Structures are given as C-alpha cells and as structure tokens.
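**Student:** This structure is in structure tokens; I'll ask about it shortly.
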Amino acid sequence: MFKAGVLSAAIFTACLAAPLEAGISTLTAEAEAALLEALNDEYHAQAFYSALIDEYGANTPFTKIMAAEEKHADRLIRLLTKYGVEVPENGYLDGSLPMASLPSSLEEAYEGGISAEIANIALYEQKLLPAVAGYKDVTRVFTSLKRASESNHLPAFERCDNGGCQVSAATGGQGARKFSQRQGDGSAASKGAGAQRGDRKGQRKGKGKGNGNGKGRR
C-alpha cells in the first residue's frame, strides 16, 4: 500500500513537471500567422527558382536550392497539419499570386539571391522566431531553416557572384546562352560587381536591422 502511494505521488509529480508544450494542441494566432508566413516564403522561393531554372538552365545553384526549399515547405506543412491548420496551395505556381519579376541576367539573379537570403535570415530573427517562442517544435524547424539560409544558400550565391560558378549554355535556358555571351564581352555589369560586393558585406553584418524584400523571396 505504501509503495503504491509513493508510486502514485511520483507519477503525479512527473506530470506536473512535464514540459508545458506537451499539452499544447493549438497555435496562438501569432504563431499560426508566423507558420503561414514562413510557408508562403518557401512557396514563393520554389516558384521563383523554378522560373530561374527555366530561364537560365538547370546547371545553376537554383536547382539545388529549389529542392531544399521544397523540403523546407514539407517540414512547415507537417507542423501546420499537426496543429490542425489548413494548408494553403502554392498560388505562385498557378499564377493566382503575383511573383517577383525575374532578373535580366545571371549576375542580377545572384545579387538578388544574396539579398533574399539576408532578408530571410532577418525575417526569422526579428519576426518569425519570436512569434513561436512557446513552441519548441516550431522553433526547432524555424531555426533549422534560418541556418540553411546562413550556412548553405547565402554562401552559394556569394560564391557564384564572385565567379565561382560555371554555367554551360548547353544545359538549357536562354539566359545561360546570354550569360556566356556576356562573359566574352566583359559587360559593364560584371565590371561593377566588385564595387557592389563591398556594400553587400556591410549589409550582411547589419542584417538584423531590417528585413528588406529580396528577389527570390517575399
């Protein structure tokens, strides 16, 4: 009898000490809005990078990054489903939502990608992560997506912007052929890229001060 009483007390104490999150089955309006905004961001990125691949070919960083965005969207969809939130369709793919204009060159696309990833990092740090502070599972996914921008996507675009990516015109995309021609011509846009990089480094150091809208995301 004594042992049974001790066991019951222990179970009761453990239940009281269990993380509060375990009993959370719904999202606050703020947390739900943050999840939907994150998904919308991934949706736009998917559609935008898909359009860039059509324009400039598959032999560009956009192919791998688009695949990563699709996986990110799947993780967010699983969270929305877990909390009983209706998952919207990707309206950017069928044209029901307006997508950002495509850049006129690969150089501009890389510049836009850098700006978009910097803005994405700031979005998570300043707005989305604070909105889900009470949800460990959502915080974990948001943190992972932010790190993907910091450690993978942003460095990839910076590497390409610095001339570290080779694009073959034969791999498809009208823009790939244009890019090859511009490389041979030594266009003014290419010559001016070095001056812009210094400004961008300063922007990256101060990324926490604003969310700006990049070309690849909304």
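The values are calculated or read from the model by the stated rules, or taken from the named source; none is laboratory data. The structure displayed is predicted, hence computed values, not measured ones. Note that we place each Cβ from the backbone using ideal geometry, even for glycine, and neighbour counts take in every protein chain shown. Protein only, heavy atoms only, side chains kept; ligands, DNA and RNA dropped before computing areas. Shrake-Rupley method; radii C 1.70, N 1.55, O 1.52, S 1.80 Å.
**Student:** Of all helices (runs of 4 or more DSSP H) completely enclosed by segment 87-158, which ones contain at least 2 residues that are under 17 Å from Glu70 (Cα atoms), β-branched (Val, Ile, Thr) and modelled with pLDDT of 95 or more?
**Tutor:** Numbers: elements: 91-94, 106-123, 136-148.
Answer list for segment 87-158: 136-148.
**Student:** Looking only at segment 37-59, which residues are part of a loop (DSSP other than H, G, I, E, B) and open to solvent by less than 10 Å² (accessible area, probe 1.4 Å)? Give the steps one after another, and end with the answer.
**Tutor:** Just the residues of segment 37-59 that are part of a loop (DSSP other than H, G, I, E, B), to begin with: 57-59.
Gly57, the sole residue that qualifies.
**Student:** Can you go through Ala34, Ala68 and tell me which one is in contact with a His (Cβ under 8 Å, 6 or more places away or on another chain), in a helix (DSSP H, G or I) and not hydroxyl-bearing (Ser, Thr, Tyr)?
**Tutor:** Ala68
**Student:** Right, next: Any idea how many residues of segment 60-96 are surrounded by 14 or more Cβ atoms within 10 Å (Cβ to Cβ), more than 16 Å from Asp41 (Cβ to Cβ) and either in contact with a Cys (Cβ under 9 Å, 6 or more places away or on another chain) or free of Cβ contacts under 8 Å to residues at least 40 places away in the same chain (or both)?
**Tutor:** Qualifying residue count, segment 60-96: 3.
**Student:** Further question: Starting from segment 47-59, take each residue that is among the β-branched types (Val, Ile, Thr) and list its partners that are open to solvent by less than 20 Å² (accessible area, probe 1.4 Å), counting only C-beta distances under 9 angstrom and pairs at least six apart or across chains.
**Tutor:** Matching pairs, first to second residue: Ile53/Thr60; Ile53/Phe62; Ile53/Gly173.
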